[in-house]
Amino acid sequence: MPELSAMEVLVAVADAGSFNAAAGELRVSQQAVSSRIAALEGQTGVTLLARTPRGSSPTPAGLVVSQWAARLLSLAGEMDAGLAALRLDARSTLRMAASVTIAEYLLPSWLVVLRAEGVHRNDAAVTVDLVVTNSSGVARHVRDGDVELGFVEGPSAPRRLRSVTVGRDRLVVAVRLEHPWAQREKPVAPSELAGTPLVVREEGSGTRDVFVAALRAAIGPALDSAEPELVLPTTAAVRAALIAGAGPAVISELAVADDIHAGRLTTVPVAELDLSRRFRAIWRGTARPPAGAARNLVGIATRLSPH
C-alpha cells in the first residue's frame, strides 16, 4: 500500500498538470516530486502519469488511482482532525477520583488554585470529572482506567499503582463536651478504645483502615473490637452524628478543627496509638503523574496540603 505522502504528490501533479507546479504547491523541489512519482509507479507496477513537453497528465489508470488517493487523503484528514479533537478533550478534561475526606476538606481549594494558575498561563479551561468514594474505590477506579488520577488516604500505598505523598494529617477521637470522656485526665488505652462502640466510617475507607491498622499495631493481630455504634459513609456524616450526641468517633482532625475551636467538640487523648496518616496521589503507568492538569494538580496538592 503506497504511503499517504506519495499519494498526496500524485494528486497534486494530477490537479496541477505538471511536476513543477505540483512542486510549488507542495513546497518541495521538482526533483523530489519526480523521484516520488517514479517510486510510486515502481511500487504499484502501474504507469500513472504521461509526460509531455506541455506537462504531465494522468493516464487512464493514473486517473483512477488519483481519485482513490484523493478519497483516502480526505479520510486521513478527517482522522487527523478527529485525533486532534480527542487530544484537546484529553487535555481539557481531568478525570479523577478522591477519597471522601480529601474531596470534602482539601480538594476544593486545590481546584480553585488549578483554575487560577491555568488562567494565568492562558491554558484552556480544565473541566474536572470527579468521582468521590472511599480510598479502596478510588484505587479501583485508577486501576481500571476509569480515571487518570486519584487521591487517597490510608496506612499504605495501594498495590500495583504509582503514588506520591502529597500531605499528612491525623485522626482523633472526638466527643461532645457532655460526654464522660471529655473530662477524663488519663488517656484512653487502645484496648479500651477497641472495646467501646464508636462512630466510624465504612470498611474500605482510608479513615477506617488507618484506625484498624493502628489498633492492630498496638494490641496485636488478634484484635477483638466492639461492634460500632454507627457506621457512616462520609466524614461529614460522622461529624454530624458527633454534634448530634453520638460518639465517641474516630475522625480526621481537619473535619473537626472548627468544632473544637468553637467548643462544640473536644478530642480525647489516646495512649500508645499512632493515628497519623498520609494523603497520596495515585496513578497508573509512568513514574511521574500524567502530564498536564493531573501533574499540575499533584504539585498544587503537595504545596497546599498539611504536612
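Here, each number is a calculation from the coordinates, and none is a lab measurement. In this text the structure is predicted, and so the values were computed from the model without any measurement. No Cβ is skipped: glycine too gets one built from the backbone with ideal geometry, and neighbour counts run over all protein chains shown.
Annotations for the structure displayed:
- Shown for S5, S136, S205: other C-beta atoms within 10 Å of each C-beta, ranked fewest to most, produce the order S5, S136, S205.
- Every Cα-Cα pair of the chain was included, and the share exceeding 35 Å stands at 47 percent.
- Per-residue ellipticity at 222 nm from helix content only, as computed over the chain with -39500 (n - 2.57) for each DSSP H run of at least four residues, stands at -15000 deg cm²/dmol.
- Sorting W283, W181 from the fewest to the most surrounding beta carbons within 10 angstrom yields W181, W283.
- In the chain, the DSSP beta bridges split such that about 60 percent are antiparallel, to the nearest 5.
- Rg over Rh for region 125-202 works out to 1.12, both radii taken from alpha-carbon positions and Rh defined as the Kirkwood radius.
- Compactness index (Cα Rg / 2.2 N^0.38 Å), region 1-128: 1.79
- Full extension of the segment from R27 to I260, taken as 0.36 nm per residue of separation minus the current Cα-Cα distance, would add 76.6 nm.
- Alpha-carbon Debye profile of region 168-277, log10 I(q)/I(0) at 0.14, 0.20 Å⁻¹: -0.49, -1.06
- The length gained on full extension between H307 and A189, counted as 0.36 nm times the residue separation minus their Cα-Cα distance, comes to 39.8 nm.
- Applying the Karplus relation 6.51 cos²θ - 1.76 cosθ + 1.60 with θ = phi - 60° to region 256-264 yields 3J(HN,Hα) values of 10, 4, 5, 5, 5, 5, 7, x, 7 Hz, where x marks Gly and Pro.
- Sequence-ordered 3J(HN,Hα) estimates for region 18-23 from the Karplus curve with 6.51, -1.76 and 1.60 and θ = phi - 60° stand at 7, 5, 5, 5, 5, 4 Hz, glycine and proline given as x.
- Applying both filters, DSSP loop and at most 14 other Cβ atoms within 10 Å, to the trypsin sites (Lys or Arg not before Pro) of region 83-174 gives R121, R159, R160.
- Computed from label points 7 Å out along Cα-Cβ, the spacing between A116 and D80 is 4.1 nm.
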